[in-house]
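**Student:** I'd like to ask you about the structure that follows.
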Amino acid sequence: MYGLSIFWDYRVILWHGLLINLLVFLLSSCLGLIVGLLACICRLSSLRPVRTLAACYIEVIRSAPELVLLFWIYSVVPVLLSDLLRTHLSFDPIVSATLALGLVSSGYFAETFRAGIQAVPAGHVEAAQALGMTGAAILRRIVLPQAVRLMLPELMSQNIGLLKTTTLVSVITVPDIMYQINLIVQQEMRPLPLYTGTAVAFFVLILILTSLVGRVGLRGA
Amino acid sequence: MNQKAYPAPPAIRVVGMTKYFGTVPVLRGISFELERGKVLSIVGASGSGKSTLLRCLNYLEQPTSGEIWIGGQSMSFGANRNGARHGPPPAQIARIRAEIGMVFQQFNLWPHMTVVQNVMEALLRVRKISAHEARARAERYLAKVDMLDAAGRYPAKLSGGQQQRVAIARALAMEPQIMLFDEATSSLDPELTSEVLDVMRGLATDGMTMVVVTHEMGFARDVSDRVMFLHQGVIEEDGTPATVFSDPRSERCRQFLSKYLG
C-alpha cells in the first residue's frame with residue numbers, strides 16, 4: 001500500500017491551499033489581461049515613441065523568469081521603495097505573486113492580442129473605410145469581433161499555463177497547495193502519496209478547464 | 001426651359017496625379033474628368049496602375065502629388081509646417097468616401113455578420129438612420145441584386161457571385177454618387193461573372209456614375225461611355241469604345257486588345 005489515503009486525510013487543508021492557487025491565478029490573470037491590453041494598444045499606436053516603448057516593455061517582461069521575478073518583487077522592490085520613500089514597506093506575499101505572474105503574463109497576452117487584431121484581413125478594414133466608417137467604429141464593429149474569436153484559443157491555453165505557474169508561489173511563502181504539501185511532507189515523511197496526490201489534483205483541475213475551453217472554442221467557431 | 005447659371009461640376013476631376021510606392025512610380029501625371037452618369041472603364045496590363053488609380057479616388061491610397069475633386073469637393077492635400085505632405089483630415093475623407101461606393105475583387109464581406117447585417121452596418125454607423133429604416137433599405141437593395149432570399153445567411157455559405165452581388169448591394173445602399181469597381185469579376189469562376197456583370201449593366205442603364213477597372217473587354221466595349229488604356233502609370237488611350245477598340249493610336253494598346261479580342 002502506498003498509503004494514498006493520507007492525501008485524503010489532509011484534504012481540507014489542501015483544498016484551502018488549492019483555493020489560494022486559484023485566487024492568485026484569477027488576480028494575476030486579470031492584471032495580465034488589463035496590462036497586456038494597454039501594452040497592445042500602445043504597440044499598435046501611430047506614434048513611434050509609444051510603439052517603441054511598448055515593444056521594449058513586452059520583450060523585457062516576456063524574458064523575465066517567473067521564479068526570479070517572484071523573489072525580486074517580494075524581496076527587492078519593498079527595500080528599494082522603503083529607501084525611496086523613507087519608510088518601512090513590505091509586500092504581502094499574495095500581492096507580490098499577483099504582480100510577478102500578472103506582469104509576465106501581460107507580455108504574452110499583449111502579443112496574442114496583437115496577433116489576433118493583425119490577423120483580421122486588411123480587405124475587411126478597407127471595405128469599412130470605403131463605406132465612410134471611422135476608425136473607432138471599424139475597430140469596434142469589424143476588427144475586434146473577428147479578432148476576439150481568433151485569439152480566444154491561444155488566450156485560454158496561456159491562462160492554463162498561468163494556472164500551472166501558480167505552483168511556484170510557495171517560494172515566497174504564499175500558503176498555496178504546494179506550501180501546505182511541503183509542510184505535511186516534512187511532518188509525515190511520506191512524499192510519494194502527497195506529491196502524487198497534488199499532481200493528480202492539478203491534472204484533474206486542468207483537464208476540466210481544458211474541456212471547458214474546447215467547448216467554448218467549438219461554440220465560437 | 002430653365003438654364004442653370006453654372007454647369008454642375010464633373011463627378012470626378014483629376015489633375016496631375018502621381019503615386020510613388022517608395023521610389024517606384026506607379027502613376028505618372030494622371031489627368032482626366034468624368035461627367036455624372038457616365039461609365040468609364042479602365043483597362044491595361046497587370047501592374048499598369050489601374051487599381052492604384054481607382055484606390056486613389058477614394059483615398060485608400062494617398063497620392064504623392066496632384067489634385068482630386070469628387071463632385072466638386074476637393075480631396076486636397078498640402079504641406080504641413082515641416083514641408084511633409086499630408087492629406088485631408090480623416091473626417092473629411094470619411095465624408096467623401098460615403099459618397100463613393102467601392103466593390104472589391106475579394107468581395108470583403110464581413111464574415112461575422114449576416115448578409116443583411118453587412119448591408120445595414122454602414123447605414124447605421126455612417127448615415128445614422130434608424131435600425132428599422134436601415135433594414136428596409138437593405139432589403140430593397142438586396143432585392144435589386146436578387147439576393148433578398150439570402151438575407152439571413154452568412155457570407156461563407158454563399159458562392160463568389162452571390163457574395164459579390166451582396167457587396168454591390170452593400171455599396172449601393174449608401175446611395176453614393178459614384179461607384180468604383182476594382183476588378184469585380186476577376187476572382188469569380190467564369191460561369192458566375194455574368195450574374196455580376198448583369199447587375200453592373202443595370203446600374204449603368206440607371207444612370208450611375210461608374211469607374212470600372214476590368215479585364216472584361218465585352219463589358220468595356222458594350223456598356224462604357226469611355227475607355228481608358230493605362231500602361232505603366234500613363235494614360236495612353238482615352239476615348240469612346242468605338243475609337244479605342246477599333247482604332248487605337250497606341251501600339252501597346254493595339255497589342256493588348258488583340259490578345260483579349262483575338
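The values are calculated or read from the model by the stated rules, or taken from the named source; none is laboratory data. Keep in mind that this is a model prediction, so the values were computed, not measured. In this analysis, Cβ positions are derived from the backbone assuming ideal geometry, glycine residues included, and neighbour counts consider all displayed protein chains.
Yes or no, residue by residue, for (1) among the charged types (D, E, K, R); (2) within 14 Å of chain A (Cβ to nearest Cβ):
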| position | (1), (2) |
| --- | --- |
| B:Leu172 | no, yes |
| B:Pro176 | no, yes |
| B:Asp189 | yes, no |
| B:Val196 | no, no |
| B:Gly207 | no, no |
| B:Val212 | no, no |
| B:Met217 | no, no |
| B:Asp225 | yes, no |
| B:Gln232 | no, no |
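**Student:** When only residues in the range B:98-128 that are facing another protein chain (nearest Cβ under 8 Å) and aromatic (Phe, Trp, Tyr) count, which is nearest to B:Leu34 (Cα to Cα)?
**Tutor:** B:Phe104
**Student:** Restricting attention to the range A:121-158, report how many residues are at the interface with chain B (Cβ under 8 Å from one of its Cβ atoms) and without any contact (Cβ under 8 Å) to a residue 40 or more places away in the chain. Write out each step before concluding.
**Tutor:** Here is the first cut: in the range A:121-158, the ones at the interface with chain B (Cβ under 8 Å from one of its Cβ atoms) are A:121, A:123-124, A:126-135, A:137, A:141-142, A:145-146, A:149.
Narrowing the set further to residues that are without any contact (Cβ under 8 Å) to a residue 40 or more places away in the chain leaves A:121, A:123-124, A:126-135, A:137, A:141-142, A:145-146.
Residues flagged as at the interface with chain B (Cβ under 8 Å from one of its Cβ atoms) and without any contact (Cβ under 8 Å) to a residue 40 or more places away in the chain within the range A:121-158 amount to 18.
**Student:** For a quick check of your reading of the model, give me the residue pairs whose first member lies in the range A:99-111 and is modelled with pLDDT of 95 or more, whose second is part of a helix (DSSP H, G or I) and of a type in the set (Lys, Arg), with beta-carbon atoms closer than 6 Å and at least 6 apart or on different chains.
**Tutor:** Here the result reads A:Gly107/A:Arg62, each pair linking the range A:99-111 to a residue that is part of a helix (DSSP H, G or I) and of a type in the set (Lys, Arg).
**Student:** Still on this structure, I have one more. Can you pull out every residue in the range B:67-97 that is facing chain A (nearest Cβ under 8 Å) and either surrounded by fewer than 19 Cβ atoms within 10 Å (Cβ to Cβ) or modelled with pLDDT under 80 (or both)?
**Tutor:** B:Pro90, B:Ala91, B:Arg95
**Student:** If you scan the range B:203-232, which residues turn out to be over 14 Å from the mean Cα position of the chain (by Cα) and without any contact (Cβ under 8 Å) to a residue 40 or more places away in the chain?
**Tutor:** B:Thr205, B:Asp206, B:Glu216, B:Gly218, B:Arg221, B:Asp222 - these are the residues of the range B:203-232 that are over 14 Å from the mean Cα position of the chain (by Cα) and without any contact (Cβ under 8 Å) to a residue 40 or more places away in the chain.
**Student:** Can you confirm whether B:Phe181 is closer than 19 Å to B:Lys50 by Cα, more than 14 Å from the chain's Cα centre (by Cα) and touching a residue at least 40 places away in the same chain (Cβ under 8 Å)? Explain how you work it out, then say what you get.
**Tutor:** Values: closer than 19 Å to B:Lys50 by Cα: yes; more than 14 Å from the chain's Cα centre (by Cα): no; touching a residue at least 40 places away in the same chain (Cβ under 8 Å): yes.
Against the criterion (closer than 19 Å to B:Lys50 by Cα, more than 14 Å from the chain's Cα centre (by Cα) and touching a residue at least 40 places away in the same chain (Cβ under 8 Å)), B:Phe181 does not qualify.
**Student:** Just to be sure I understand, how many residues within the range A:75-90 are in contact with a Ser or Thr (Cβ under 9 Å, 6 or more places away or on another chain) and outside any helix (DSSP H, G or I)?
**Tutor:** 3
**Student:** I'd like to check which helices (runs of 4 or more DSSP H) are fully inside the range A:106-192 and have at least 2 residues that are over 30 Å from A:Ser90 (Cα atoms), in contact with a His (Cβ under 6 Å, 6 or more places away or on another chain) and not small (Gly, Ala, Ser).
**Tutor:** Qualifying helices (runs of 4 or more DSSP H): A:144-165.
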